[in-house]
Amino acid sequence: MKNIQIIITVLLVAAFSSCDNSKAKLPTLKTQIDSLNYAFGLANGNGIKNYYLKDSTKADSLKIKIASILKGVKDGMKGEASKYTELEEIGKNIGSALKEQSTKGLMGDSSLKVDIKLIQQGLINGLRGSSVQMTPETAQQYVNITMQKLQEEKSIKQYGPNKAAGEAFLAANKAKAGVVTTASGLQYEVIKKGMGAMPSDTSRVKVHYHGTLIDGTVFDSSVERKEPAVFGVNQVIKGWTEALKLMPVGSKYKLYIPQELAYGKQDQGKIKPFSTLIFDVELISIEK
């Protein structure tokens with residue numbers, strides 16, 4: 001395993017050493033992963049340029065500074081440790097990160113293959129202020145949007161069964177006597193109808209609640225803690241906000257909240273992405 005790591009590191013260093021670092025080049029981007037590698041390098045190079053090279057007005061000075069950064073990158077990829085100038089230190093940190101990503105995947109995603117040559121050329125073009133192939137702004141936007149889309153696709157693949165189970169549960173539940181379904185998809189049952197005032201978006205309320213997944217797993221409960229919670233009506237998940245504004249003080253409702261009105265694709269510990277939630281809620285008072 002150690003020999004394999006050494007070989008990978010040597011290949012990375014060779015890739016960084018073999019290219020002409022003085023010119024902006026037009027990279028060949030055939031696939032999404034090609035574009036992602038290049039955009040990643042370009043966005044990072046542009047960020048370094050704007051922060052550390054903004055006062056470099058002469059071409060020779062800029063060239064020297066870029067060479068210092070690239071020297072640091074090469075040394076960082078070799079794992080060398082010695083005294084560096086500020087720019088070499090920046091490059092070393094980049095090189096160390098690339099070395100790690102070469103085994104763990106681009107930006108830590110094991111499904112994304114690192115292409116050192118494309119990252120290098122993007123970095124160089126970004127440092128030189130070039131907009132070859134794409135602008136730095138477009139590159140950063142591409143990285144953000146693509147990574148978000150890929151993460152969503154992975155999340156759907158992994159947690160899609162939660163979504164399907166929740167939809168099946170709600171479809172059967174809406175047919176039960178006493179269950180009301182709103183236009184948003186929220187479902188609720190009135191266990192006890194209070195006689196007090198009804199909260200607004202700006203209200204702060206005191207409530208007792210008991211939350212479970214559709215399989216009965218308890219994920220949070222002020223009832224079990226024996227301590228009511230106080231919060232703003234508009235500071236909670238959408239399903240809660242909608243339901244609280246339907247409840248007069250003194251009411252007890254049972255809520256069935258679709259994942260899109262709860263935490264959606266977010267992972268909240270016991271609440272996994274795309275989970276439908278069930279709450280028993282008692283509205284004790286409006287605090288203000």
Excluding residues on the same chain fewer than 8 positions from Lys117, give the aspartates and glutamates whose Cα lies under 18 Å from its Cα. Asp20, Asp34, Asp75, Glu100
Could you tell me which residue out of Pro273, Met107, Leu150 lies farthest along the dipole of the chain toward its positive end? Charges go on the beta carbon: Lys and Arg +1, Asp and Glu -1, centred on the Cα centre. Met107
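Can you compute the FRET efficiency between Lys270 and Leu26 using 1/(1 + (r/R0)^6), with r the Cβ-Cβ distance and R0 = 41 Å? Round to the nearest 0.05.
Values: r = 50 Å, r/R0 = 1.22.
Given R0 = 41 Å and the Cβ-Cβ separation, E is 0.25.
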Given backbone amide H placed at 1.01 Å from N, residues whose amide H is under 5 Å from that of Phe219, ignoring those fewer than 5 places away on the same chain, are Gly211, Thr212, Leu213
How much length, in nm to one decimal, is gained on full extension between Lys193 and Lys174, taken as 0.36 nm per residue of separation minus their Cα-Cα distance? 4.9 nm
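What does the helix-only formula give at 222 nm for the chain: each DSSP H stretch with n ≥ 4 adding -39500 (n - 2.57), the total divided by the residues, and the result rounded to the nearest 500 deg cm²/dmol? Could the numbers behind the result be given before it?
Working: 8 runs with 138 residues, N = 288.
-16000 deg cm²/dmol, from helical runs alone.
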Nearest 10 degrees, 0 to 90: helix 116-127 Cα axis against the chain principal axis: 90 degrees
Quick one: which residues, 5 or more positions from Ile191 or on another chain, have an amide H under 5 Å from its amide H? H modelled 1.01 Å from N in the peptide plane, none for Pro or chain starts. Lys252, Tyr253, Lys254
Among Lys192/Lys272; Lys99/Lys157; Lys74/Lys154; Lys157/Lys272; Lys174/Lys238, the pairs whose Cα-Cα distance exceeds 24 Å are Lys192/Lys272; Lys99/Lys157; Lys74/Lys154
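Which loop trypsin sites (Lys or Arg not before Pro) in segment 170-232, with loop taken from DSSP, have no more than 13 other Cβ atoms within 10 angstrom of their Cβ? Before the final figure, lay out each step's value.
On the way: sites: Lys174, Lys176, Lys192, Lys193, Arg204, Lys206, Arg225, Lys226; in loops: Lys174, Lys176, Lys193, Lys226.
The qualifying sites are Lys174, Lys176, Lys193, Lys226.
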Which of the lysines could a cross-linker span from Lys270 if the Cα-Cα distance has to be under 16 Å and same-chain partners fewer than 8 positions apart are dropped? Lys163
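Apply 1/(1 + (r/R0)^6) to the Cβ-Cβ distance of Lys113 and Thr182, taking R0 = 41 Å, and write down the FRET efficiency to the nearest 0.05.
Details: r = 46 Å, r/R0 = 1.13.
The value I calculate is 0.35.
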Between Arg225 and Asn144, what is the spin-label point distance in nm, taking each point 7 Å from the Cα along the Cα→C-beta axis? 3.4 nm
Here segment 268-273 yields Karplus 3J(HN,Hα) values (6.51, -1.76, 1.60; θ = phi - 60°; whole Hz; Gly and Pro given as x) of 10, x, 5, 8, 7, x
Residue-wise, which Karplus ³J(HN,Hα) couplings in Hz belong to segment 275-284, taking 6.51 cos²θ - 1.76 cosθ + 1.60, θ = phi - 60°, and x for glycine or proline? 8, 7, 10, 10, 10, 9, 10, 10, 8, 7
Suppose R0 equals 30 Å. What FRET efficiency, 1/(1 + (r/R0)^6) with r the Cβ-Cβ distance, do Val218 and Glu152 give to the nearest 0.05? 0.60
Let me check against my output: what whole-number percent is the relative contact order of segment 147-288, with C-alpha pairs under 8 Å and at least 6 apart? 32 percent
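Read-outs throughout are calculated quantities, based only on the coordinates presented, and are distinct from any laboratory measurement. Being a predicted model, the structure only gives us computed values, none of them experimental. So basically every Cβ, Gly included, is an ideal-geometry build from the backbone, and we count neighbours across all protein chains shown.
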